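Each reported figure results from applying straightforward, stated rules to the coordinates on display, with no laboratory input. Owing to the predicted nature of the structure, the values given are computational and were not obtained by experimental measurement. Glycine gets a Cβ as well: all are built from the backbone with ideal geometry, and neighbour counts include every protein chain shown.
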Amino acid sequence: MPPNLRLSRLSSSTFLSSRRRFLQLSSAALSGVVLSNCAGNLAEVGGTESSPTSGSAVGNATGTTGDKSTLYVYSWTNYTDPELLRDFQSKTGIQVVVDNYDSNETMLAKMQAGGGSQYSVIFPSDYMVTQMVELGMLTELDQSRLRGLATLKPQWQNPSYDPNNAHSVPATWGTTGFVFDPTRLPGEMRGWDYLFDNQAQLTRQITLINDVREVMGSVLRFLGYSFNSENASELEAAYKKLVELKPAIANFLTNGWEDQIASGDLSVSMAYSTDALSLMAEAPNLKYIVPESGSSLWTDTIVIPKTAPHPDAAYEWINYFLNPENNANLVSRLKFATPNQAAFDLLPSELKEDPNLFPPEEVLAKCERIAPVSEKITEAFDSYWTQLTSA
Amino acid sequence: MSTSTPVTPATERSSPDSSMQQRLAKLVQPLILLAPAGFWLFLLLVIPTLLILQLSLVPGIRPGQPIQGFGLGNYLEIFQPIYLRVIGRSISYAIGTTVICLLLGFPVAYWIAVLAPKRWRNLLLICFVLPLWTSSLLRAYAWITILRPTGVLNSLLAAIGLPGQTWLNRDPAVFIGMSYSFLPYIVLILYASLEKLDKRLLEAAADLGAPPQTAFWQVTVPQTLPGIAAGGLLVFITSLGDFVVPELLGGASSMTTARLIYNQFLGATRNWGLGSALSILLILGVSLAIALLIKYGDRNADGLV
């Protein structure tokens, strides 16, 4: 074989082998990226919670579970903001890491699966408090360590979901309604009947909350039944009504519709009043209504799970929330209704008189609290919800 | 690539005694080498899978309930029409994505491997792989920005006087998002396959009077069939279990098996038994696809998969 030919073959073979190595390397790198993506996705999409270390920590959180100087809070999306975490840390020296969930059931599932053992503070809603107490998941609160329970409004002194606030401290309350841009909807939007009457024009223009009890309950209410109906045929009627509306439903979202409704991609979103009012502070063209047929009236509370690694810090957190000035500041920033009379008194009058934030009595009279239902009916709710979301 | 350097003859001629030792070493060495990875796999793959299998055999178990009684109830529940519909939807998403990826990926891989100048090939491949370095979540959100009714695409369409699309929250968005996610994989694998294409056969086909189209179908495609199978199956497997794209882009009528499983564990409807049974089914489906991949896939491209 002539030497020059051999040389050229050699070089071409090294060229090829180097390309093959590149391919192998890049595919290895690729699979690494893919794997890390998967992990990231699970953490991100999983009820919009993120891993404690990547949560919105103030300062440089060390991120180790059970760290004495760090309090892990598991909350709905709109109950904390960076300013709250900064202020809490400057007043107590405790760092806070917040993870979010978007439905009570998601939170319960995670706690029951043992995935929430780092949390010392959770914000379950009323009926979920009852359920978690029955499941023996909540610490009985030492009320001598709480300052300011007496300033709660009378109707929250001894709530039916948790007598004497033995396990929970009411933190926020509100309604569930519809947020929309009135200029996009011809006629007057007053509730569910508008959606059913105009659904031909609303194809994929509506989002509903991703929560079985809220959505099914609100339709039950529209049909003249109770949010907490235990009657199978009533549940079926509500389910059928929702199936009828399905072509108009773009998605089931508890959060994530805000952008789309503000930009005009959606016409109507079912929303918790807190989320709707926060958005309306930025997009004043939007309007919030409680459906004419009534909505749910919810109270979100602060509880300490039995597994809490840092209960002392959790008491600090509750006391911070009960403090009237802190609470009034939070209401101004985060737009939730407060059950705290002393904090209410400190609010500026435009907030006190905002009918969306603190609805008048005649609206509240139409609303109903969601209460736990029997195991059998829970399964029926779940089954209809699966049918609705899977079809 | 076998170079024609003279091969040195076997260096050691071993005595029977040391050959015993060698044989022992041959047995033990791989065990030692595999032990860390094996332990890892056992702890994080085999045990969890067995736990899922166990849960899947407890009918209707929900969190907080004790395990009592085993049975096939969960698997029978899957045969309800609604769940079959979800599984069917997952499969059709996966098949659709595979077809789209093949149709889009083959010309690109062909161009990079055969037509583009050699010195550009690595760079072109890198360019194609580059999008994978961002989070798939981010890419899905980018597609929301593009596809939403008031988004980038509709602004462009309106600018050139075309009617707008309403693909977001529907199947088209899912296909777009998934194809975009998995296209780089199939391009890499098809590239590896096409790179080995024997161009002399194409020349021979041309010499014998075959028009390019015939040569492509009679020569190129059969030669790259293993690569097509490997790439197609890889895309099928990954899209079958995809969670992010249907969740974010698919809207209210895009429930897939992966989303349904998620809902049974962390969503509104908590039914661990059903979720586990669905998981096992998905694992079986994917395993079947991988078995096909091993049997029919491009053996020489295996290093890539």
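Structural remarks
- Calculated SAXS-style log₁₀ I(q)/I(0) at q = 0.15, 0.20, 0.21 Å⁻¹ - the stretch B:74-206, Debye, Cα scatterers: -0.91, -1.16, -1.20
- The stretch A:207-254: radius of gyration over Cα atoms, expressed as a fraction of 2.2 N^0.38 Å: 1.08
- Gyration tensor verdict on the stretch B:172-305 (Cα atoms; rounded if a/c is under 1.5, prolate if a/b is larger than b/c, oblate otherwise): prolate
- Sorting the segments A:97-109, A:258-270 by their mean number of nearby beta carbons within 10 angstrom, highest to lowest, gives A:97-109, A:258-270.
- Antiparallel beta bridges, as assigned by DSSP with both residues in the protein assembly as shown, represent about 60 percent of the total such bridges.
- Expressed per residue, the C-alpha convex hull volume of the stretch A:74-146 stands at 107 Å³.
- 10 Å Cβ neighbours from other chains, averaged over peptide B:266-277: 6
- Oblate is the label for the stretch A:299-391, because the ratio a/c of its alpha-carbon gyration tensor axes (a ≥ b ≥ c) is 1.5 or higher and a/b is not greater than b/c.
- Tail beyond 41 Å, pair distance distribution of the protein assembly as shown (Cα, percent): 40 percent
- Alpha carbon centroid spacing (whole Å) that separates the stretch B:166-235 from the stretch A:62-138: 50 Å
- Estimated inter-spin distance, A:T183 and A:N285, nm [label 7 Å along Cα→Cβ]: 0.4 nm
- Per-peptide average of other Cβ atoms within 10 Å, ordering B:68-81, A:335-348 highest first: A:335-348, B:68-81
- A simple packing score, the average count of other Cβ atoms within 10 Å per residue, orders the peptides B:209-218, A:113-122 as A:113-122, B:209-218, with the highest score first.
- Per-residue average of Cβ from other chains inside 10 Å of B:257-263: 3
- Sequence-distant contacts, meaning Cα pairs under 8 Å at least 6 residues apart, place the relative contact order of the stretch A:195-321 at 30 percent.
- For A:378-386, mean number of other protein chain Cβ atoms within 10 Å: 4
- Kirkwood-based Rg to Rh ratio, the stretch B:71-147, C-alpha trace: 1.20
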